[in-house]
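Coordinate-derived values only; no laboratory data. This structure is a prediction, so every number in the text was calculated from the model and none was measured. Ideal geometry is used to build each Cβ from the backbone, glycine not excepted, and the neighbour counts take in all protein chains shown.
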C-alpha cells in the first residue's frame, strides 16, 4: 500500500514566523560563526535565519550581553591596545673626550687620552701663561 503526501498551498502572502531563540542556542550559533573560514551568511543559512539577525547577535556578544560557550579548540580573543610611540629623544652622547679650557682657548684631546697626556698638556699650557 502506497501513501502519498500532498501539500496544499494558498495564494496568500508568505507568513513570517517569529521564533524564540534561547540564549544558549544563540551563543552556540554565534560561536560557530566566529570560527576561521566560516561566513555569517553560511551559518545563518544553515539555521534558516537572516544574516543580519546573526550579525546583531554577534554584536551582543562583543558588548558582553551574550555569553559565549568555551571554545572547543581553545581559541581565545583578547583586547589589544595600540599606543602611538613617544617621539624619540635625541641620544645624548656621554663626553668621552677630555677638554681643557683656559680663557678663549679650548683644547680637545683624543678619545681615551691617558692621564699622563692630559697632565703634560696642562703643564705646558700653565707654563705658557
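Ordered by the number of other Cβ atoms lying within 10 Å of each residue's own Cβ, fewest first, 40, 102, 81 fall into the sequence 81, 102, 40. Between segment 27-44 and segment 98-129, the alpha-carbon centres lie 78 Å apart.
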